[in-house]
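Engineer: Please find one structure pasted underneath; my questions will follow.
The values are calculated or read from the model by the stated rules, or taken from the named source; none is laboratory data. If you're wondering where the values come from, they're calculated on a predicted model, not measured in any experiment. Heads up, the Cβs are rebuilt from the backbone with ideal geometry, glycines too, and the neighbour counts pull from every protein chain shown.
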């Protein structure tokens, strides 16, 4: 059930981002973006997917209660008593409104249509923020930071996904980069700031390394590590491609943008795994909740209240040097016109090298 829930939550973030990106790009003048055609069926599946994928954690809670109070009572208890259940019903209502709105006015496609669709999509993000773990800890700031985090990510990544997978040509790509690059930078800054503030609800900043012992901390570490190649591709797609297109107008940047969107999907998966784990602030370290990945790599003794520290050694330093090499190859492959898939593989090797370096440095 854990794997199913993680996959469903990753797809939920993807569907939300796609809706946000679609309505933003339908609002932006066509003269400053490539030709984009999002199939009607894809948009409909994304909207339906939001309602379905956001229900999976609710279903998990219902099944947990079923063995004690029965299925029908479990449904009533979760939907009308739990905050997550009430939030999902709001999500279902807003999703249904968007679904009907798009069916009725899809052919119109004017700026009012885009503005209404974007507003409804933001309401969806607010309903998801209300059901988040951070919101259950702090109704005001937890809800605010989680919603802001998801909104900023969805704006940046949503536009990226729609342009990379549904653009039909590269016309106006330079004009597109002129407005999208500052939007991406602002979104990145908001995402980073809200993410840091949000993380403090789950993990004390001074206990970040200690959190690696439990599954939540491992998922958080993987999420942070995959941000490294994401920033590299953001640099390539935001600045290097702008220069490349001026030098070679026939250059097709879409494969590189697609690679960036795939890295984003990996980050979505790590984020989804976070939502299914107990935060370190609520977890006491014992034999039953130590991360299997941590215990497989760390050869020392694991005990309650252990203090984890980092001390670089020969092996970890060698892995950092290797990671630096993979980072250089990721950028160099773009400069030398290598296939984008090669760069993607180098970025994956970069993440694994840094991860192993950190884990083998633990004392």
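Engineer: All but one of (1) out of contact with any strand residue (DSSP E or B) (no Cβ under 7 Å at 6 or more places or on another chain); (2) surrounded by fewer than 20 Cβ atoms within 10 Å (Cβ to Cβ) hold for residue 159; state the number of the condition that does not hold.
Structural biologist: Checking residue 159 against (1) out of contact with any strand residue (DSSP E or B) (no Cβ under 7 Å at 6 or more places or on another chain); (2) surrounded by fewer than 20 Cβ atoms within 10 Å (Cβ to Cβ), the one that fails is (2).
Engineer: What's the number of the condition residue 168 fails, among (1) outside the structural domain of residue 350 (by TED's automatic domain parsing); (2) in contact with a strand residue (DSSP E or B) (Cβ under 9 Å, 6 or more places away or on another chain); (3) under 24 Å from residue 351 (Cα atoms)?
Structural biologist: If we test residue 168 against (1) outside the structural domain of residue 350 (by TED's automatic domain parsing); (2) in contact with a strand residue (DSSP E or B) (Cβ under 9 Å, 6 or more places away or on another chain); (3) under 24 Å from residue 351 (Cα atoms), just (3) comes out false.
Engineer: Separate question: Read through the list (1) surrounded by fewer than 23 Cβ atoms within 10 Å (Cβ to Cβ); (2) in contact with a helix residue (DSSP H, G or I) (Cβ under 9 Å, 6 or more places away or on another chain), then give the number of the only condition that residue 168 fails.
Structural biologist: Result: residue 168 fails condition (2) only.
Engineer: What helices (runs of 4 or more DSSP H), lying completely within the stretch 73-157, carry at least 3 residues that are within 21 Å of residue 52 (Cβ to Cβ)? Spell out the reasoning first.
Structural biologist: Working: elements: 83-105, 111-130, 133-137.
Passing ranges, in order: 83-105, 111-130.
Engineer: Report yes if residue 310 is in the same structural domain as residue 241 (by TED's automatic domain parsing), touching a residue at least 60 places away in the same chain (Cβ under 8 Å) and touching a strand residue (DSSP E or B) at 6+ places or on another chain (Cβ under 9 Å), otherwise no. Walk me through it before giving the result.
Structural biologist: Details: in the same structural domain as residue 241 (by TED's automatic domain parsing): yes; touching a residue at least 60 places away in the same chain (Cβ under 8 Å): yes; touching a strand residue (DSSP E or B) at 6+ places or on another chain (Cβ under 9 Å): yes.
The answer is yes for residue 310.
Engineer: When you scan the stretch 246-290, how many residues do you find that are at pLDDT below 85, farther than 27 Å from residue 195 by Cβ, out of contact with any helix residue (DSSP H, G or I) (no Cβ under 8 Å at 6 or more places or on another chain) and part of a loop (DSSP other than H, G, I, E, B)?
Structural biologist: Result for the stretch 246-290: 6.
Engineer: I'd like to verify a number: residues in the stretch 171-194 that are crowded, with 18+ Cβ neighbours inside 10 Å and not in a helix (DSSP H, G or I), how many?
Structural biologist: Selection size over the stretch 171-194: 0.
Engineer: Is there a residue in the stretch 24-33 that is surrounded by 15 or more Cβ atoms within 10 Å (Cβ to Cβ), part of a helix (DSSP H, G or I), touching a helix residue (DSSP H, G or I) at 6+ places or on another chain (Cβ under 8 Å) and free of Cβ contacts under 8 Å to residues at least 60 places away in the same chain?
Structural biologist: no
Engineer: Taking residue 64 and the conditions (1) in contact with a strand residue (DSSP E or B) (Cβ under 7 Å, 6 or more places away or on another chain); (2) modelled with pLDDT under 85, which numbered condition does it fall short on, given that it satisfies the others?
Structural biologist: Against the list (1) in contact with a strand residue (DSSP E or B) (Cβ under 7 Å, 6 or more places away or on another chain); (2) modelled with pLDDT under 85, residue 64 comes up short only on (1).
Engineer: Another question, if that's okay. Report the residue count in the stretch 132-149 for those that are surrounded by fewer than 24 Cβ atoms within 10 Å (Cβ to Cβ) and either within 22 Å of residue 93 (Cα to Cα) or out of contact with any helix residue (DSSP H, G or I) (no Cβ under 7 Å at 6 or more places or on another chain) (or both).
Structural biologist: 11
Engineer: Looking at 114, 95, 154, which one is surrounded by 18 or more Cβ atoms within 10 Å (Cβ to Cβ), in the same structural domain as residue 30 (by TED's automatic domain parsing) and closer than 18 Å to residue 195 by Cβ? Step through it out loud before you land on a result.
Structural biologist: Values: 114 fails: closer than 18 Å to residue 195 by Cβ; 95 fails: closer than 18 Å to residue 195 by Cβ.
Only one candidate qualifies: 154.
Engineer: Hey, among 296, 234, 318, which residue is modelled with pLDDT of 85 or more, out of contact with any helix residue (DSSP H, G or I) (no Cβ under 7 Å at 6 or more places or on another chain) and not in a loop (DSSP other than H, G, I, E, B)?
Structural biologist: Step by step, each of 296, 234, 318 is checked, and only 318 is modelled with pLDDT of 85 or more, out of contact with any helix residue (DSSP H, G or I) (no Cβ under 7 Å at 6 or more places or on another chain) and not in a loop (DSSP other than H, G, I, E, B).
Engineer: Can you find a residue in the stretch 6-19 that is part of a helix (DSSP H, G or I) and surrounded by fewer than 18 Cβ atoms within 10 Å (Cβ to Cβ)? If you could, list the steps in order and put the result at the bottom.
Structural biologist: Taking the stretch 6-19 as the starting set, the residues that turn out to be part of a helix (DSSP H, G or I) are 6-19.
Within this subset, residues satisfying the condition of being surrounded by fewer than 18 Cβ atoms within 10 Å (Cβ to Cβ) are 7.
Yes, some residue in the stretch 6-19 is part of a helix (DSSP H, G or I) and surrounded by fewer than 18 Cβ atoms within 10 Å (Cβ to Cβ).
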